[in-house]
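Below: one structure, written as structure tokens.
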């Protein structure tokens, strides 16, 4: 049995506040707040959860979870520094219309539920995302971050409670 943490990136591992103060890093392709990665690492290490990427960032990785873009390479590097790694990604159920309109929340529920359906050995799971996901079952497992602040210690505590119930 395992614990799983479905991870979104934008609004979780970065924030509107962080972005406003880190324009030079963003120009270099660094789109991740190191402090948020440290908080994530604390959660993962305390709960022994597996990280499953459900962010649009998953399109920046190949099937073997190798980075396809500089931003993804930086993410992997920052994760490695914190003792983290991705264990998988959710399937892509987006349509051309969803990609064009950037309304990914329309299928995130289905993507997460499809991943869970193919991994029956999950005992506990949580979704970290700044978007309010519409599915009732997901809402029971979601810790919704504030996109203005990103991941906080309070978010980590809520997620820990869900994973360790």
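The values are calculated or read from the model by the stated rules, or taken from the named source; none is laboratory data. Predicted model, so just to flag it, every value in this text is computed and none were measured. Ideal geometry is used to build each Cβ from the backbone, glycine not excepted, and the neighbour counts take in all protein chains shown.
Return yes or no: is residue 154 more than 16 Å from the chain's Cα centre (by Cα) and free of Cβ contacts under 8 Å to residues at least 40 places away in the same chain? Yes; evaluated as a whole, the condition is true for this residue.
Every condition in (1) surrounded by 18 or more Cβ atoms within 10 Å (Cβ to Cβ); (2) within 24 Å of residue 147 (Cα to Cα); (3) touching a residue at least 40 places away in the same chain (Cβ under 8 Å) is met by residue 82 except one, and the failing one is (1). The residues listed here are 75, 86; of these, the one that is modelled with pLDDT of 90 or more, touching a helix residue (DSSP H, G or I) at 6+ places or on another chain (Cβ under 8 Å) and over 26 Å from residue 161 (Cβ atoms) is 75.
Given the condition surrounded by fewer than 19 Cβ atoms within 10 Å (Cβ to Cβ), assigned to a loop (DSSP other than H, G, I, E, B) and more than 13 Å from the chain's Cα centre (by Cα), answer yes or no: does some residue in segment 105-117 qualify? No, because not a single residue in segment 105-117 is surrounded by fewer than 19 Cβ atoms within 10 Å (Cβ to Cβ), assigned to a loop (DSSP other than H, G, I, E, B) and more than 13 Å from the chain's Cα centre (by Cα). Checking 126, 143 one by one, the residue that is in contact with a strand residue (DSSP E or B) (Cβ under 7 Å, 6 or more places away or on another chain), closer than 23 Å to residue 37 by Cα, part of a strand (DSSP E or B) and touching a residue at least 24 places away in the same chain (Cβ under 8 Å) is 126 and no other. Only helices (runs of 4 or more DSSP H) whose full extent lies in segment 1-61 are considered here, and none of them has at least 2 residues that are surrounded by fewer than 17 Cβ atoms within 10 Å (Cβ to Cβ) and on the phi > 0 side of the Ramachandran plot.
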